[in-house]
Structures are given as C-alpha cells and as structure tokens.
Amino acid sequence: MALPIEQYALVGDRRTGALVGTDGSIDWLCLPAFDSPACFAALLGTEDHGRWQLCPAEEYEVSRRYVGNSTVLETTFTTAGGEVVLVDAMPREEDRADVVRRVRGVRGTVRMRHDWRVRFDYGHVVPWVRRRTVDGEQVITAVGGPDQLVLHGPRLPEAVDHRHADEFDVSAGEELLFSTTWIPSYASPSGLGPVADRISATVVEDERWAEVCRTDVPHADLVARSLVTLRLMTDEVTGGIVAAPTTSLPEEFGGERNWDYRYCWLRDSALTIGALVRGGYTEEAALWRSWLLRAVAGDPQDVQIMYALDGSRRLPEMTLDHLPGYAGSRPVRIGNGAAGQRQLDVFGEVMIGLGELRDAVGHADDHAWALQRSLVEGLVGSWDVADNGLWEIRGPQRHFTQSRAMVWAAFDRAVRAVEEFGLDGPVERWRATRDVVGAQVLDQGYDPVRNTFLQSYGGTEVDASLLVLPRTGIVAGDDPRMLGTIEAVERDLMRDGLLLRYRTGSGVDGLSGDEHPFLACSFWLVSAYAGAGRLDDATALFDRLCALANDVGLLSEEYDVTHGRMAGNFPQAFSHLALVRAAFDLRDAGAGAGSSPVGAAG
C-alpha cells in the first residue's frame with residue numbers, strides 16, 4: 001500500500017511532476033506531461049504498478065526539506081551505521097524529461113536499496129527492458145508504445161523478475177548520480193548529455209523567482225512555498241495550471257469520490273492570476289492570462305469549465321479497473337466528465353482575475369478586453385439558468401447562490417472596466433443586468449428568517465462557497481447578512497473546527513458516501529472572519545490550518561481530522577490559492593505578519 005498522502009513531496013519541471021515518498025520511492029510520475037499516462041503508478045496500486053525507490057536497506061529515520069525556496073527535494077536517511085542524503089530534482093529540458101537522483105554519503109556507511117520498476121500506461125504495460133551501451137556508457141532502456149525511459153547511473157541495477165534491483169554501500173564523501181530520462185520510443189537515447197549541473201541551476205532559478213514574493217504577511221514562508229508550488233504545477237509552455245498533479249486520491253477512503261485533477265480549471269487559472277498579483281508577480285501573471293484567453297476564445301456559449309494543458313476540450317472520463325486504487329478507493333478515473341457541465345461562476349472568476357491584473361498594471365490589454373466583452377455579452381441572455389455549481393454536483397442542476405453572485409460579479413467588473421479605464425462597451429445594458437441579478441440574489445438567495453444566504457434558491461441548506469460572496473462585492477464582509485451566514489456555516493458545516501463544503505447527506509451532489517473537511521473552505525472562513533472583524537478567530541484558524549501543511553509545506557484537498565491525515569488529490573492548487581488569499585486578507589484586515597508556519601519548508 002502507498003504511504004499516507006502527507007508523506008509525499010512534489011518535484012517537477014513545470015511540465016510534469018513526481019510524488020516522492022519519505023521512503024525514497026517515486027510512486028507517481030506521468031511523462032512527459034501532467035496529463036500523460038503514468039509510468040510509476042504505485043500510488044494507486046502496489047509496487048508492481050511501477051515505482052523508483054532509493055532508500056537504506058536497513059532500519060532508518062528520515063527527515064526532509066526543500067532546498068531553500070526551490071523545488072529541489074533533500075531527504076536525509078539516518079541509520080545505525082551512518083547517514084546519507086538523497087536529492088531529487090527534475091531539471092527543465094526542451095525535448096525530454098529528466099528525473100535526477102543524487103545519493104551522497106554524509107557519515108559512516110549505509111547500505112542502500114535500489115528498485116526501478118517501470119510500468120507504462122498507468123501500471124498496465126510491462127515494457128521491453130534491455131541493457132545497452134550508449135555514447136560509451138552502460139544504460140538501461142525501457143520501451144513500451146510511445147514511451148521510452150533511459151536509466152543512467154554509475155551502478156545499474158540487475159534484472160530480477162520484471163524489475164531491476166540492486167544493493168550497494170555508500171560511505172561518507174561518496175556520491176552517486178542516477179537519472180531517468182523520458183524520450184519518445186522512436187528516438188535514439190544517444191546524445192542526452194550530463195545532468196549533474198542542472199540540480200544547482202534549478203535551485204538558483206527557483207530561488208531567484210521566489211525573491212520577488214511579498215513577505216509582509218502572516219506565515220510568509222508558507223505563502224512563498226504555496227506560490228512556488230503553484231508555479232511548479234503550471235505548464236511553462238502553455239501557461240495552464242493543473243488543479244493537482246494526481247488523479248483519484250480519495251475524498252473518502254475506500255469510497256467512490258475519486259477524480260482526475262490533472263486538468264486546467266478556468267476558476268483555478270483566474271484565482272492564480274489574483275494570487276500572483278497579490279504576491280508581487282504582476283509580470284508572471286501574464287502567462288496565466290494568456291492561457292486563459294486562448295482557452296475561452298470562440299463562441300461564449302462554448303466555454304467549458306476546464307481544459308487540457310494545451311487547451312484541448314475533450315476530456316472523456318473512464319475508469320482503470322486494473323488498479324485497486326489508493327487505500328482500496330475505486331474506481332480509479334482518468335479524464336473528467338465535469339468538463340461538459342455548466343458552471344456559471346467561472347464567468348465571474350475570469351472577470352475578477354483579469355480585472356485584478358488590469359488594476360495592478362494600471363492599463364487594459366486590448367485583446368483581453370475584446371474577449372471579456374464577448375463573454376459578458378454572451379452572458380446577458382443566458383445567465384438566468386440552473387447550473388452544476390462550483391462543486392460540480394452530479395445531481396440535478398440548481399440555481400446556486402454563489403454561481404449567481406459570480407454572474408453579478410462578471411457584469412460588475414465589466415461596468416467598472418468601462419467606468420474606470422474608459423473601455424468600450426454597452427455599459428448601460430451591463431449595469432441594468434447587474435442590478436437585476438443582484439436584486440435576485442439578495443432576494444431569492446437569502447433567508448431573512450434565519451438571517452443567512454442559502455446554497456440554492458428555494459433551498460434550506462448552506463454552503464461554504466457562500467463565504468466568498470464579499471469578494472464579489474455584492475455584499476460587504478461585515479454586513480449583518482454575512483455575519484448571519486458565517487454563523488450558519490459554522491453551525492451546519494463545522495467538523496472538529498474545520499469546514500465541510502456542504503452536507504453530503506442532503507443528496508445535492510448525487511453521490512454516495514461522505515467526505516472530509518475541505519481545506520480551501522476553511523481558508524475562506526479565515527477571510528470571512530477577517531472581513532467580519534473577527535481577527536482573533538481569523539488568526540487562530542489560519543495558524544491551525546498552516547499547521548496542517550506537511551513537513552515540506554504542501555496541502556491536499558481535504559483533511560481527515562479524526563485520523564489526522566490528508567485526503568484528496570495532492571498537492572491541491574485550490575488549497576494553496578485559498579491559503580495565499582487568506583494570508584493577504586489577514587494582512588489587509590490589520591492582523592499583520594505572524595510566526596513561521598509549522599511544517600513549512602525553509
């Protein structure tokens with residue numbers, strides 16, 4: 001069985017990423033892209049579904065950290081006989097993908113175990129593996145279908161029962177460098193060249209990027225780690241950000257709530273723009289904006305809520321029945337059927353994100369505005385319909401209050417763009433539509449008896465997404481209606497001090513089973529507390545949430561409070577985005593900078 005989710009860390013090259021466990025095993029890696037089939041898939045099965053492990057062959061203690069603010073991972077193994085350090089990195093290359101692993105002896109002598117098991121197509125295909133001499137060096141190549149992996153190293157493992165294994169001693173001062181390189185199966189493995197110097201170059205490049213990050217916020221180092229992680233989960237060529245580099249890590253262990261998050265949600269891309277702007281990365285936000293504009297180009301009626309990294313629209317959902325799933329959680333899914341859903345809130349998120357960037361740079365981009373104008377015009381005649389909502393429910397569509405408030409925000413940001421930047425557009429029509437939408441939300445989305453906004457029109461349930469209403473501007477954070485909503489959310493959705501998205505027992509999502517508190521929702525509560533003037537509550541909750549980050553500062557989608565473990569896909573962009581926003585909301589509310597986060601990387 002795979003390790004607990006929190007015992008993994010992410011390394012990557014901004015085109016894909018590997019999950020490395022505290023046992024030195026790469027249990028998840030899709031090559032050459034985030035949404036490619038996995039060649040190491042032990043995360044969702046067993047070691048026979050593919051892994052690459054380097055660890056002591058004897059009992060050990062382990063600690064790890066990212067090197068500074070980089071994406072280079074350093075794992076220290078301590079045994080009775082000595083200490084070794086394993087360094088993992090994925091240097092950026094143009095036409096290939098490299099995973100570089102350096103083993104260095106620190107003191108004494110440690111017996112190491114090496115296990116290289118390649119299984120293409122999500123653990124389904126056993127490759128053709130052979131030892132070859134390439135450019136005068138012994139290498140091992142594994143070929144299957146379109147993929148080829150090439151293992152380099154000073155001591156190559158031997159073939160043992162459809163895997164390659166070895167044991168060797170590492171003494172103080174000794175260093176061994178291994179690398180696995182992906183190239184197309186038809187390509188020659190010659191001329192790949194050395195990769196040793198790329199580890200240091202990766203550290204330098206990452207730390208130079210992180211220097212820009214704002215530090216005048218609570219838990220500044222965890223904010224920086226969140227931004228570095230968001231950058232790592234972004235394709236450097238297309239600008240698309242994946243919601244997570246994994247699929248089917250369960251929201252309920254042993255249950256069916258297992259989804260593929262290796263795609264780009266418009267919502268996440270828009271929120272990333274806002275996070276970058278607030279973090280000090282105005283120029284970098286343009287890459288995310290470019291992806292966003294390309295993705296939504298065309299007829300506004302054809303806008304999807306998510307796309308592939310390259311902007312592809314078809315993401316057919318299927319199950320991989322040969323995989324037993326993480327902790328027996330089945331089915332394992334690839335693709336995502338929610339791509340065809342109607343989620344009206346994405347229009348508001350897109351308009352808010354692009355508006356934040358426009359405000360930050362002080363001028364408008366003509367191309368971006370032309371597309372925004374088209375989106376809003378298309379929304380004029382199509383906003384008053386039911387949708388699947390922010391949570392991508394697979395039950396009947398409803399008139400979700402948060403979705404409708406985001407529609408209001410879309411028209412509001414369009415009106416403000418005309419009024420504040422002198423842009424061209426039918427502002428009177430937009431303003432009138434905005435007012436109609438706003439009146440409807442405040443009437444049908446609000447229960448005056450209970451003094452709370454509602455999950456959907458005509459319903460009785462509340463929803464954690466209501467906490468983001470003040471961000472749209474439709475209601476102030478200290479408005480009595482929001483104060484009542486915060487209290488209702490606390491009363492109905494709080495589980496052991498953290499928030500659920502909604503009550504799954506209401507049947508709204510059309511799925512069986514339960515789920516754990518959703519970390520982004522609890523960060524939204526931090527922001528809501530700050531807006532309501534409850535700064536002590538906001539600070540206390542933010543401190544607690546930051547303490548839930550693992551030892552290298554990463555967060556999953558959900559948290560199982562009962563068993564003290566992470567749940568859901570990992571690391572989760574939505575959680576890190578909400579953390580960044582909560583930190584700046586706390587600062588803006590006067591909470592100031594706080595202490596270093598528990599578990600954050602140095």
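Inspect all residues belonging to segment 62-78 and state whether any of them is open to solvent by 50 Å² or more (accessible area, probe 1.4 Å), over 30 Å from R214 (Cβ atoms) and touching a residue at least 40 places away in the same chain (Cβ under 8 Å). Scanning segment 62-78 turns up at least one residue that is open to solvent by 50 Å² or more (accessible area, probe 1.4 Å), over 30 Å from R214 (Cβ atoms) and touching a residue at least 40 places away in the same chain (Cβ under 8 Å).
Among (1) in a loop (DSSP other than H, G, I, E, B); (2) loosely packed, with under 12 Cβ neighbours inside 10 Å; (3) of a type outside the set (S, T, N, Q), which single condition is A187 missing? Looking at each condition in turn, A187 falls short on (2). Scanning segment 425-453 for residues that are open to solvent by less than 50 Å² (accessible area, probe 1.4 Å) and either assigned to a helix (DSSP H, G or I) or modelled with pLDDT under 95 (or both) yields V427, W430, T433, R434, V437, G438, Q440, V441.
Somewhere in segment 407-419, is a residue in contact with a helix residue (DSSP H, G or I) (Cβ under 9 Å, 6 or more places away or on another chain), modelled with pLDDT under 95 and either open to solvent by 10 Å² or more (accessible area, probe 1.4 Å) or outside any helix (DSSP H, G or I) (or both)? Taking every residue of segment 407-419 in turn, none turns out to be in contact with a helix residue (DSSP H, G or I) (Cβ under 9 Å, 6 or more places away or on another chain), modelled with pLDDT under 95 and either open to solvent by 10 Å² or more (accessible area, probe 1.4 Å) or outside any helix (DSSP H, G or I) (or both).
For segment 254-261, the condition of being assigned to a loop (DSSP other than H, G, I, E, B), within 15 Å of L309 (Cβ to Cβ) and out of contact with any Lys or Arg (no Cβ under 9 Å at 6 or more places or on another chain) holds for at least one residue. Specify the residue that is farthest from I273 (Cα to Cα); the eligible residues are those in segment 316-367 that are basic (K, R) and in a loop (DSSP other than H, G, I, E, B). Per the criteria, the residue is R330.
The criterion of being among the polar types (S, T, N, Q), at negative phi and open to solvent by 10 Å² or more (accessible area, probe 1.4 Å) does not hold for T234. Counting only strands (runs of 3 or more DSSP E) that fall entirely inside segment 92-168 and contain at least 2 residues that are open to solvent by less than 20 Å² (accessible area, probe 1.4 Å) and under 19 Å from I26 (Cα atoms), the qualifying elements are 97-117, 137-144, 147-152. Residues that are under 13 Å from C264 (Cα atoms), surrounded by 22 or more Cβ atoms within 10 Å (Cβ to Cβ) and either of a type in the set (K, R) or in contact with a Phe, Trp or Tyr (Cβ under 8 Å, 6 or more places away or on another chain) (or both) do not occur anywhere in segment 310-327. Annotation note: of A33, A9, the sole residue that is part of a strand (DSSP E or B) and open to solvent by less than 30 Å² (accessible area, probe 1.4 Å) is A9. Among the residues of segment 12-30, the ones that are open to solvent by 10 Å² or more (accessible area, probe 1.4 Å) and among the hydroxyl-bearing types (S, T, Y) come to 1 in all. Is there a residue being of a type in the set (K, R), part of a strand (DSSP E or B) and surrounded by fewer than 22 Cβ atoms within 10 Å (Cβ to Cβ) anywhere in segment 47-57? No, the conditions are met nowhere in segment 47-57.
Within segment 193-214, the set of residues being of a type in the set (S, T, Y) and either buried (at least 23 other Cβ atoms within 10 Å of the Cβ) or modelled with pLDDT under 90 (or both) is empty. Considering (1) touching a Cys at 6+ places or on another chain (Cβ under 8 Å); (2) among the aliphatic types (A, V, I, L, M); (3) farther than 17 Å from L19 by Cβ, the lone condition that A201 does not fulfil carries the number (1). For segment 2-53, what are the residues that are polar (S, T, N, Q) and under 22 Å from D560 (Cα atoms)? If the condition is that a residue be polar (S, T, N, Q) and under 22 Å from D560 (Cα atoms), then Q7, T22 are the ones that fit. If only residues of segment 289-305 that are open to solvent by less than 60 Å² (accessible area, probe 1.4 Å) and touching a residue at least 60 places away in the same chain (Cβ under 8 Å) are counted, the one that is farthest from I241 (Cα to Cα) is P300. Yes or no: segment 280-288 includes at least one residue that is touching a Gly at 6+ places or on another chain (Cβ under 7 Å) and surrounded by 22 or more Cβ atoms within 10 Å (Cβ to Cβ). Checked against the condition, which is being touching a Gly at 6+ places or on another chain (Cβ under 7 Å) and surrounded by 22 or more Cβ atoms within 10 Å (Cβ to Cβ), segment 280-288 yields at least one hit. Residue by residue through segment 368-390, note down the ones that are without any contact (Cβ under 8 Å) to a residue 12 or more places away in the chain and part of a helix (DSSP H, G or I). A370 - this is the single residue of segment 368-390 that is without any contact (Cβ under 8 Å) to a residue 12 or more places away in the chain and part of a helix (DSSP H, G or I).
G240 meets all of the listed conditions (1) in contact (Cβ under 8 Å) with a residue 60 or more places away in the chain; (2) more than 30 Å from L511 (Cα to Cα); (3) crowded, with 23+ Cβ neighbours inside 10 Å but one, namely (2). Please count how many residues of segment 476-519 are part of a loop (DSSP other than H, G, I, E, B) and either open to solvent by 10 Å² or more (accessible area, probe 1.4 Å) or of a type in the set (G, A, S) (or both). Number satisfying all stated conditions: 16.
The values are calculated or read from the model by the stated rules, or taken from the named source; none is laboratory data. These numbers were taken from a predicted model, which means no experiment stands behind them. Methodologically, a virtual Cβ is constructed for each residue, glycine included, from the backbone with ideal geometry; neighbour enumeration extends over all protein chains shown. Calculation scope for accessible area: heavy atoms of the full protein, side chains included, ligands and nucleic acids excluded. Shrake-Rupley method; radii C 1.70, N 1.55, O 1.52, S 1.80 Å.
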